[in-house]
Each structure stands twice: as C-alpha cells, then as structure tokens.
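Written below as structure tokens is the structure these notes are about.
The values are calculated or read from the model by the stated rules, or taken from the named source; none is laboratory data. Everything quoted here is computed from the prediction, not taken from an experiment. Because the Cβ atoms are built from the backbone with ideal geometry, glycine has one as well, and the counts that use them run over all protein chains shown. The accessibility values were calculated without ligands, DNA or RNA, using every heavy atom of the protein model including side chains. Shrake-Rupley method; radii C 1.70, N 1.55, O 1.52, S 1.80 Å.
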Amino acid sequence: FQLAIPVTVIFTPESVPGDLPRPLPFRDVQEMEISVNLRTSITSRYEMFYRSTTAQEEVALDAATAQEADVALHPLQDTSFGSLMVFVVPETSSLLPEGISVYVGKHRIALVRAGASLAALRTRLRQLTQVMSFTASSIATALSDRVPDGQLGPDAGRHLKSSLGYEITFSLLNPDPKSHAVEWDIEDAVSRYVQPVLDKLSLVANFSVDSQIQYYAVLGVKPRFDKESSSFLLSAHSLPHVINPVEARLGSSAASLYPVLNFLLYIPERSHSPLYIQDRDEAPVSTNAFHSPRWGGIMIYNVEAPASPQTSLPLRVNVDMVRVMEVFLAQLRLLFGLSREALPPEFLLESPGNEGLADWELDRLLWAHTVENIATVSTTLTSLAQLLDQIGNIVIKDDVASEVYRAVAAAQSAMAELATGDLHSAFQASKEAVTSSERAFFDPSLLHLLYFPDDQKYAIYIPLFLPVAVPILLSLAKIVREARQRKKEPTKVD
C-alpha cells in the first residue's frame with residue numbers, strides 16, 4: 001500500500017520560521033514505512049505544501065477564539081476527503097488557550113503554534129497528521145487478519161469489521177411490567193441524536209434502525225446484594241454471562257444480511273433495584289453501562305422507588321433519553337473505532353457536537369476501511385483461486401469471470417487512488433471491489449457440492465452400473481466364444 005496524505009501548511013505573516021529551506025511557497029514530501037508482515041507493508045507519504053495566508057484567511061484568523069476561527073475558515077477549506085489544512089500562528093498568539101500548542105477543529109482544519117524552529121514545527125506537524133489521518137496501530141487493526149499474533153493492541157478486537165451495511169437495534173427490556181410501566185420516546189431520540197451521526201456515516205455504509213420492547217426479559221445473572229449501600233451489584237466478571245440469555249430473546253440477527261449492533265436499555269425488576277455495575281477494581285461505573293466488542297452495549301436504568309409504600313402499581317416511568325443516548329452514542333463510536341486516543345496535554349480537540357464525529361474522524365474511518373476492503377478482496381480472490389485449482393472439472397460462467405475481472409480492476413484502481421491521495425474515490429472503488437469479489441465467490445454455480453472428484457464418481461457410479469454390466473459382459477463373452485467355434489468348424493462342400 002502507498003497512502004498519500006495532502007497537507008497544506010499555511011503561515012501567518014508573523015509565524016514564518018527563519019530557517020525555512022527555501023522561500024514560500026514550496027513543496028516537501030515526507031515518507032514513513034509501516035511494516036505489517038513479511039508480505040504486506042505500507043508507505044505513508046505526507047505531501048506537504050507550504051504557503052502564506054491569503055487576505056480572506058487573515059480576516060478569519062482575526063477571530064477571538066480558536067472555535068470562531070474554525071467556523072470562519074471552514075468555507076475557505078479544501079473539502080476533499082483526506083486532505084488537511086494546518087494554519088501556523090505565532091507562538092505568542094492569543095487565539096489558542098494558554099498551554100495549548102495544537103488545536104484540532106471539527107472539520108479538516110488545525111491551528112498550530114509556530115515553535116522556536118522548523119524542526120519543532122515539524123515535530124508538531126508529525127503528531128498532528130497522525131491524529132487526523134491514521135497511525136500505524138489503526139492500519140494494523142484494519143489488517144488484523146494479516147498481523148502476527150501478539151502484535152495487535154488490546155482494542156483491535158473491539159472494532160467492527162468493514163461491511164457494506166449495518167443494522168442497529170434499540171431494545172427496551174422490562175422484566176417487571178407489573179411494577180413498571182415504562183415509556184421511552186425512541187423515535188424522537190433517534191431522529192435528534194442518532195440520525196445526524198448516521199447521516200455522516202452514510203458514506204461508509206448503509207444503516208437501518210429499528211426498536212423493540214421486550215417484556216419479562218431478565219439478564220440471566222443473579223446480582224449480589226450489598227448491605228452497605230442497600231443496592232444490588234453486578235461484578236465485571238459476570239458481565240459476559242449477561243449477553244447470551246438476552247440475545248436469545250432479541251432475535252434481531254437471525255435473518256440479517258449485515259452485522260447487527262444491539263443497544264439495550266434494561267429496567268431492573270423491583271426486587272433487584274437499584275442495580276449498579278462494578279468495574280474490575282470493584283468501583284461503580286459512572287454510566288452504569290458496558291459494551292461488548294462487535295456486538296453492542298447494555299445500559300442499566302434504575303427507577304426511583306416510590307415515596308409511599310401505598311403507591312399504586314405499575315409505576316409510570318418516563319426514560320430520560322438524553323442521558324441514555326449519550327451512552328449509546330459513545331458506545332457506537334467505540335464500536336467503529338472512533339474513540340479518541342491519549343494525546344499530549346498541549347493538544348486540544350474540538351467536540352464534534354450534534355454530528356457525533358468530526359470530518360477528520362470520518363477520514364480516519366475511510367482510511368481504515370479502504371485498506372481493509374482491499375485486503376478482503378485479496379483474501380477472497382485468493383480463496384476462490386485455490387477452490388478452482390482443487391476442483392479441476394468446475395465450470396466458470398462468463399458472469400463469474402467478469403465479476404472477478406471487475407473486482408481486480410476495482411482493487412487496482414483503489415490502490416492507485418490511495419497513492420494519489422484521492423481518499424473518496426479509493427474508498428468507492430474498494431467497495432465495488434468487495435461487492436464484485438463476493439458475488440463471484442458466492443455464485444451458486446461455484447458450489448463445490450455440484451462437482452465431484454474422480455474417486456467419488458467411481459464410488460457412486462460403479463454400484464449402479466456394475467450389476468447391469470455383468471450380464472452384458474457375460475453375453476458378449478458368450479457371443480465371442482460362439483463366433484470362434486463357428487470359425488473352427490469345417491465348412492461342408494457338396
């Protein structure tokens with residue numbers, strides 16, 4: 001792989017270092033090698049273009065805060081996917097808060113203090129480009145099937161595999177409907193909080209969202225009662241045992257073509273309220289929720305006990321959807337690998353707001369999924385080639401051959417687009433390659449049960465034809481004997 005990242009570095013008039021190698025504007029290329037295994041390596045090329053600010057950009061940088069500057073600079077930005085714009089401001093600039101050297105906005109724009117020299121600036125730029133594009137760990141996670149065991153990070157198994165679509169199911173579990181009449185406005189919550197995120201992710205895959213309410217659905221794990229807090233506790237080691245009993249009741253993944261993400265809101269039954277989750281250090285989890293890698297998440301929503309024992313049941317419960325959706329959206333980001341890594345203290349990242357993820361976070365996802373798609377196509381076509389080699393009498397139809405050619409051409413196009421820095425075109429080509437390769441691999445005409453090795457043919461047909469062939473062979477032998485005897489007998493001459 002060759003991954004090219006276009007980076008435009010823009011100097012304000014008072015921030016130009018004195019040790020620049022040549023006058024502005026000029027170009028520079030920095031390369032970094034990422035080794036995945038003996039056969040797979042990645043070369044990342046940072047194509048740096050250094051120039052001065054324009055008049056419009058200087059007006060935008062006169063804002064009072066970095067957030068206002070980010071909003072003003074966004075219309076002037078190069079909107080192509082994977083490209084970055086870095087504005088270098090003086091070391092004494094008040095645009096950035098005190099103690100902050102790098103500010104990353106919601107789009108593809110960052111503000112960086114100039115530093116004492118060009119070397120110090122390049123160090124900050126190197127850190128910044130890895131934050132806003134990709135790192136060796138994110139690429140290794142995308143190629144996890146090819147990375148040797150032990151070289152992946154602990155979070156590599158948490159992220160969802162690249163897919164053409166995902167199904168999201170929100171489930172409300174009410175195990176005690178006689179005590180709790182629970183109402184949740186899931187339709188409004190999805191349209192206000194989830195849909196903006198899915199609109200942003202629609203470029204990556206297709207999404208479908210549904211919801212359900214399950215009554216008398218229990219967790220399947222008996223919580224422990226704590227006398228000191230007068231509450232029930234679920235320990236960290238018991239959480240994995242919660243998933244299977246609950247999943248058996250959901251039934252959402254039985255007929256799904258795509259991965260299903262489950263987000264469960266559990267209302268504890270009255271006999272086990274309040275219910276809290278403990279972490280491995282036996283400390284209470286602040287969100288009272290946990291997530292399962294590549295599956296989804298569960299949040300426990302405690303209901304306040306009625307003030308009077310004579311309160312009539314069932315107790316009406318209106319779920320605070322703002323608090324619930326904050327947890328579910330955080331879990332959704334974890335599942336897609338959008339969790340923000342630990343950064344140096346001088347870095348400041350702007351919150352993405354209602355959109356759920358910043359533009360540069362979407363680019364990170366596209367980088368990872370594009371590389372993963374190309375690797376998947378390579379693996380699929382290799383498996384198909386091995387299958388065709390093993391079955392010598394297999395028939396390959398023209399439409400299957402055309403899908404194979406189309407997959408190879410699309411994968412090569414994606415590789416070429418990555419090398420030129422056109423991330424959007426590369427991702428679209430990688431999706432086409434995955435679709436064509438899977439159509440070819442799963443074509444019904446290539447079902448291996450339709451084709452038999454020669455030894456299986458003999459084993460099937462000999463028991464059928466041998467009983468029929470024996471009398472025929474004996475008759476032929478008798479005819480041959482009689483013919484020979486007639487030839488030996490002397491002919492009569494009158």
Q: Based on the mean of other Cβ atoms within 10 Å per residue, sort peptides 6-18, 334-346 so the most packed one is first.
A: 6-18, 334-346
Q) How much of the DSSP beta bridge set in the range 240-353 is antiparallel, as a percent to the nearest 5? A) 50
Q.
What do you get for the angle between helix 398-420 and the principal long axis of the chain? Use alpha-carbon atoms, 0 to 90 degrees, nearest ten.
A. 30
Q. In percent, what relative contact order does the range 165-336 have, based on Cα pairs under 8 Å that are 6 or more apart in sequence?
A. 32
Q. By a straight-distance test (C-alpha under 30 Å), which lysines pair with Lys488 as possible cross-link partners, with residues fewer than eight away in the same chain excluded?
A. Lys478
Q) Using a simple charge model, +1 on the beta-carbon of Lys and Arg, -1 on the beta-carbon of Asp and Glu, nothing else, what dipole does the chain show about its Cα centre, in debye to the nearest 20? A) 2480
Q: Measure nothing fancy, just the Cα-based angle from helix 118-132's long axis to the longest principal axis of the chain, in degrees from 0 to 90, nearest 10.
A: 50
Q: Quick one: accessible surface of Asp320, probe radius 1.4 Å, all protein chains present, in square angstrom to the nearest 10.
A: 70
Q. Quick one: which of 441-447, 179-185, 239-245 comes out on top by average Cβ neighbours within 10 Å, and what's the full order, highest first?
A. 179-185, 239-245, 441-447
Q. For the range 254-280 and the range 331-364, what is the separation of their C-alpha centers, rounded to whole Å?
A. 25
Q: Mind jotting down the distance between the C-alpha centroids of the range 187-223 and the range 34-58, whole Å?
A: 37
**Q.** the chain: angle of helix 454-488 to the longest principal axis, Cα-based, in degrees nearest 10
**A.** 20
Q: Please compute the net charge surrounding Ile186, taking Lys and Arg as +1 and Asp and Glu as -1 over other residues with Cβ under 12 Å from its Cβ.
A: -4
Q. Summing Lys, Arg as +1 and Asp, Glu as -1, what charge do residues with Cβ under 12 Å from the Cβ of Ala119 carry, Ala119 excluded?
A. +2
Q. Which percent, to the nearest 5, of DSSP beta bridges fully inside the chain are antiparallel?
A. 30
Q: Would you mind checking Lys397/Lys431; Lys178/Lys200; Lys106/Lys161; Lys457/Lys487 for any pair whose Cα atoms are more than 30 angstrom apart?
A: Lys178/Lys200; Lys457/Lys487
Q | Distance (nanometres) between label positions extended 7 Å along Cα→Cβ at Val59 and Leu466 | A | 9.5
Q: Alpha carbons only, please: Rg and Dmax for the range 2-142, in angstrom.
A: 15.6, 51
